[in-house]
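Quick notes on the structure that follows.
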Amino acid sequence: MENLENKNPQEGETTKKIEDKTAQIPSKVYLCAAITAMVGAAALKCVGHKHTALFVGQWVAPFLLFGIYNKIVKTQGHDQQDQPS
């Protein structure tokens, strides 16, 4: 079976542009958005908006995943690979 591992990974220009923009956003923004969604969902649940609370509560995981992506981009982004050794 042939080894399909990419020996020289290169990011496309679009990916580099996205990483450059997302790296400018502080990681705290995503954490605050997730906490706000949790609090908002709890508040909606308390006032009786059960379905809206579930909808808003489902935003927490994507916000946290965006924060993880942001952290990875800042530490392991394309700029780490593009620099000559």
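The values are calculated or read from the model by the stated rules, or taken from the named source; none is laboratory data. It should be emphasised that the depicted structure is a prediction, and the values quoted were computed from it without experimental measurement. Cβ coordinates were reconstructed from backbone atoms using ideal geometry, including for glycine residues, and neighbour counts include every protein chain displayed. Areas reflect the complete protein model, heavy atoms only, side chains present, ligands, DNA and RNA absent. Shrake-Rupley method; radii C 1.70, N 1.55, O 1.52, S 1.80 Å.
Can you work out the FRET efficiency for the pair Thr15 and Leu64, with r the C-beta to C-beta distance and R0 = 25 Å, to the nearest 0.05?
With a Förster radius of 25 Å, E is 0.70.
So for Ile68, Ile25, what's the accessible-area order with a 1.4 Å probe, most first?
Details: Ile68 95, Ile25 60 Å².
These residues rank, largest area first, as Ile68, Ile25.
Accessible surface of Thr14 in the full protein assembly, 1.4 angstrom probe, to the nearest 10 Å²?
Per-residue accessible area (Thr14): approximately 100 Å².
Once you have the Cα-Cα distance between Ile72 and Ile35, take 0.36 nm times their residue separation minus that, and quote the gain in nm to one decimal. Intermediate values should be presented prior to the final figure.
Numbers: separation 37, 0.36 × 37 = 13.32 nm, distance 2.06 nm.
Gain on stretching Ile72 to Ile35: 11.3 nm.
How far apart, in nanometres, would the label points at Ile25 and Lys50 be if each is projected 7 angstrom from Cα along the Cα-to-Cβ direction?
Distance between the two pseudo-spin positions: 3.3 nm.
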